[in-house]
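Here the structure is laid out as structure tokens; the discussion comes afterwards.
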Amino acid sequence: MQNTNLHIDKRRTFLFFFLIFFTITISAGGGDSIYVKQYNKVRYYHSDSIFQKYAQSGFLSVIDEMYDYYEDIVEYLPTDRQFQEVAKIRQIAKQYNSTELDTEADFMHAYVLPVKSDKDIAYKVSRMESVVNNAVRQGNVIIKLRAMEAIFEIHWKHSQYAKAFSQAYLIDNELQNVSESEYPGKGNAYFHIGQAFSFFHDYDKAMPYLRKALNPPKYYFDRSDLLARNAIGEYYNSVGLIDSAEYYFRSAYFSSHNVKAKPILDAISLSNIGQSLLNKKDYNNAISYLRAGLNRILMDNDYEFASDVTLGLAKCYLAKNDFKKAKSLIDSTRMFIDRSDHVDLYQSLYPLMCDYYSKTANTQLSAAYFDSTLMITKLYADKYNSLHILKAEQDLYESKAKAKDEEIRLKEENFKSKIFYGVAILLIITIGLLFLIVLYHKNRIAYRALVLKNQDWARDTSYDTYEAPEVIEPEPAAVDTVEDTVEIVEEEKEDEPTKEDIALMKQVHELVTKDKIYKDMELTLDALAKRMSVNRNYLSKAINKTTNKNFNTYINEYRVKEAIKILSSKKADLMSIDAIAFDAGFNNRTSFYQSFKKITGLSPSDFRDNKPAEKESVKFR
């Protein structure tokens, strides 16, 4: 009995010391946790070690950990614990005498300030602006831009859209003067600005920003490339360019980027491909992609996106007259809308329910949901009109900025005109203007002829038909010896394509003319060789021997041909030169201008400005 009691006492003693050790470990910063109700998960973190490394080696040494910390931890902490984290940063900054980490504490303090009124918003913005000013004095580009982006998010989150866009232009100006190595969040910043313009359906401004975000990530936190690809695909889906949309969705899904939440982004890409197939009325394949995406999305309880996917599935099953599954998915959509407050989706759900009850011969409910459709459409129209008012505020800001620039420019011109004022100068200017007018008309006629010539070249269908070069046997030359004859024949044959070169080139031509691989901005000789499973040197030789052109010249000719087709269309008048370059397959403005000018003799702008009227213009299929 005594032995038993002794054994129990030992266990109690061990448990007592274990609890003491555990308490000391936790109090010493051994780790913290937060329960995230939205995802039904407990997230553990150890911010002390992150801040210590930050103080010793700088922000870039913990960049991925810091982005995770703000996104996955700080956002879900209650206010009192958020300020405890700020105090922890200040303590470690003081311990290591780190000015950079102390500025990070200022940033976090402004970041977590609660907002309940417009006065709170103004105060929060002013505190973040102080962070920007301190960062400027310290020469800290990273925290300056992070704080500027935070100001944008504050305005945007509280529907102060005009102020948000004003901040976006300031961010854009700063981004033009920094490289990605200086500010690794550059792609994210471009994506968020592009997404903001997309919110107002201002795609002409959104697309250049989204395309600037299309860069392979260097850090785990950077998902801007994949997010931008999906955003661009959604735009093409909305305007009916389904093939272009599907290209961007698939490029996002099949990318090899090792970034945070890649499985979720893959699920979004799969669901977006399903939406494209739904638009094509390919319901069976659409169902497969949508279900694959939905299964992964529900693992993270993302009910807002899940509601979009179940709505797409309901549309597929209703089109297939599978009313049981359609009704089940309609009910799921309503449930997900309630859980996520994604009420805008009712604008698409009510018409579908009206159609469902009409097909199932329930005229009473069909009529009821028809009325609901009219009501929700009006509500959405009112909301959309209010967005147009906010858009007008954005345009007002732009017009004021332009007016100010114009005022400065006019003052400079007036000053110069006073200095050079005189009858003699006026006469010279008059003569010069007459000369320029004559020269302009001559150039315009010449440019117009050059445009027509290039349109004919781009329209020429024989350009898209591959004809193998005829292999001509060399004629015997007058030589003194058999050895000389062999040497001459071998020398001539070295410059002629072999049968293998011709066969390989035929495959290349098929990919170019039918699959239009030249539209891929990332296409290289290595990538094409890998796709065709051939050696890059053999491929390069085949192109050189059969076309007398190198790979880049060969591909760029097709891109220029595509650009001519786009520039010759009416839609080109509404597109930027950058957008035309990207659609044709060029990955930057410089290479587009150089190739276009070299091949056509005109710049893209000159080509568009001098193209004939529609009735004179070349028609393209």
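Brief remarks on what is shown
- FRET efficiency, 1/(1 + (r/R0)^6) with R0 22 Å, evaluated for D341 and K116 via beta carbons: 0.65
- Fraction of alpha-carbon pairs over 19 Å apart in the stretch 268-319 - percent: 15
- Extending 7 Å from the Cα toward the beta-carbon at both K418 and N535 defines two label points whose distance is 7.5 nm.
- Taking amide H positions as modeled 1.01 Å from N, with prolines and chain starts lacking one, the residues under 5 Å from K41 and 5 or more places away or on another chain are V36.
- Farthest towards the positive end of the charge dipole of the stretch 104-231, among the residues N188, A168, M108, is the Cα of M108, using unit charges on the Cβ of Lys, Arg, Asp and Glu.
- Cα-projected label distance for R43 with D72, points at 7 Å along beta-carbon direction, nm: 0.7
- Straightening the chain between S130 and S603 buys 165.7 nm, computed as 0.36 nm per residue apart minus the Cα-Cα spacing.
- Phi angles of the stretch 151-157 translate, via the Karplus equation with coefficients 6.51, -1.76, 1.60 and θ = phi - 60°, into HN-Hα couplings of 5, 4, 5, 4, 4, 5, 4 Hz per residue; Gly and Pro are given as x.
- Entries of K260/K516; K565/K611; K88/K218; K519/K549; K570/K611 with Cα pairs more than 22 Å apart: K260/K516; K88/K218
- Sites K499 and D243, calculated FRET efficiency, Cβ-Cβ separation with R0 45 Å, nearest 0.05: 0.80
- Computed FRET value (nearest 0.05) for K320 with S569, which takes r as the C-beta separation and R₀ as 45 Å: 0.75
- Listed values for the stretch 589-603 are Karplus-derived 3J(HN,Hα) couplings in whole Hz (6.51 cos²θ - 1.76 cosθ + 1.60, θ = phi - 60°), namely 5, 4, 5, 5, 4, 5, 5, 5, 5, 5, 7, 9, x, 10, 7, and x replaces Gly and Pro.
- Relative contact order, whole percent, for the stretch 150-198 stands at 24, derived from Cα pairs under 8 Å and 6 or more residues apart.
- In this label model, F254 and D202 are separated by 3.6 nm, measuring between points 7 Å along each Cα→Cβ vector.
- Karplus-derived HN-Hα couplings along the stretch 175-188 (A = 6.51, B = -1.76, C = 1.60, θ = phi - 60°), whole Hz, x at Gly and Pro: 5, 5, 10, 10, 8, 5, 5, 6, 9, x, x, 4, x, 4
- Inter-part distance, the stretch 187-242 to the stretch 253-325, computed on C-alpha centroids, equals 20 Å.
- Inter-centroid distance (Cα atoms) of the stretch 100-130 relative to the stretch 524-577, Å: 51
- For S255, no residue has an amide H sitting under 5 Å from its own, ignoring neighbours fewer than 5 places away on the same chain, with H placed 1.01 Å from N.
Only the coordinates and a few stated rules stand behind these numbers; no lab work does. Fair warning: this is a prediction, and the values are worked out from it, not measured in the lab. Backbone-built Cβ (ideal geometry, glycine too); neighbour counts: all protein chains shown.
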